[in-house]
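To keep things clear, I will list the structure first and then write my remarks on it.
The values are calculated or read from the model by the stated rules, or taken from the named source; none is laboratory data. This structure is a prediction, so every number in the text was calculated from the model and none was measured. Here the Cβ is made from the backbone with ideal geometry for all residues, glycine too, and neighbour counts use every protein chain on show. Accessible surface is based on the protein model in full, side chains and every heavy atom, while ligands, DNA and RNA are left aside. Shrake-Rupley method; radii C 1.70, N 1.55, O 1.52, S 1.80 Å.
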Amino acid sequence: MSKIACVLTNMFEDVEYTDPAKAFKDEGHEVVTIEKEAGKQVTGKQGETKVTIDKSIDDVNPSDFDALFIPGGFSPDQLRADERFVSFAKHFMDEKKPVMAICHGPQLLITAKKLEGRQATGFKSIQVDMEYAGADLKDQEVVVCQNQLVTSRQPDDIPAFNRESLKVLA
């Protein structure tokens, strides 16, 4: 089973964290939430979900994890302003470890300059940014690139996102 790093801060899209995290845990994977501060409680943008952060970004090493999960909402845009999170995400792409990013999640990968030549999708408002970053953009519910990068566009795509993410983690 995989140990999955989940980078998360306030204003994440509630269901884009809760549904995949539950699917991963139900299959026996461990999901570790990471933010600037361990023990901090972050709240989803719908106000429905509160998550107590497991680890500080300063206390984790990306090599200790098997995969990276980036929920959408405003969280990825906030995290990409912090070089620690950008470097953390870059490691997973460089090492060809599974990366699962939904909705605005690919924003962190754009800033890490890791989408060039990769097939991917994301929320409508970031698709042009993804193209500028060199992604081969696909407007479909889930895109799996090189059996490593799993991306989806929006909450409606979660069933396909979960299904393909679990296949990549298997």
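For the reader, a short list of remarks on this structure follows.
- Which numbered condition ALA81 fails, given (1) small (Gly, Ala, Ser); (2) open to solvent by less than 60 Å² (accessible area, probe 1.4 Å); (3) more than 22 Å from PRO159 (Cβ to Cβ); (4) free of Cβ contacts under 8 Å to residues at least 40 places away in the same chain: (2)
- Among all positions in segment 55-62, there is no residue which is under 26 Å from ILE158 (Cα atoms), in contact (Cβ under 8 Å) with a residue 60 or more places away in the chain and under 16 Å from the mean Cα position of the chain (by Cα).
- Annotation: LYS25 fulfils all but one of (1) closer than 17 Å to PHE85 by Cβ; (2) part of a helix (DSSP H, G or I); (3) not aliphatic (A, V, I, L, M); the unmet one is (1).
- Evaluated against (1) within 17 Å of ASP64 (Cα to Cα); (2) open to solvent by 20 Å² or more (accessible area, probe 1.4 Å), ALA5 falls short on exactly one condition, (2).
- Just so you know, in segment 129-158 the residues that are under 17 Å from PRO76 (Cβ atoms) and polar (S, T, N, Q) include one that is surrounded by the fewest Cβ atoms within 10 Å (Cβ to Cβ), and it is GLN154.
- Residue in segment 47-63 that is open to solvent by 30 Å² or more (accessible area, probe 1.4 Å), closer than 20 Å to THR18 by Cβ and among the polar types (S, T, N, Q) present: yes
- Some residue of segment 106-128 being part of a helix (DSSP H, G or I), in contact with a helix residue (DSSP H, G or I) (Cβ under 9 Å, 6 or more places away or on another chain) and surrounded by fewer than 16 Cβ atoms within 10 Å (Cβ to Cβ): no
- Where PRO76 falls short, out of the listed (1) open to solvent by 70 Å² or more (accessible area, probe 1.4 Å); (2) of a type outside the set (A, V, I, L, M, F, W, C); (3) assigned to a helix (DSSP H, G or I): (1)
- Condition met for VAL42 (open to solvent by less than 70 Å² (accessible area, probe 1.4 Å) and under 22 Å from SER165 (Cα atoms)): no
- Qualifying positions in segment 79-105 - touching an Asp or Glu at 6+ places or on another chain (Cβ under 9 Å), assigned to a loop (DSSP other than H, G, I, E, B) and at negative phi: LYS97, PRO98, HIS104, GLY105
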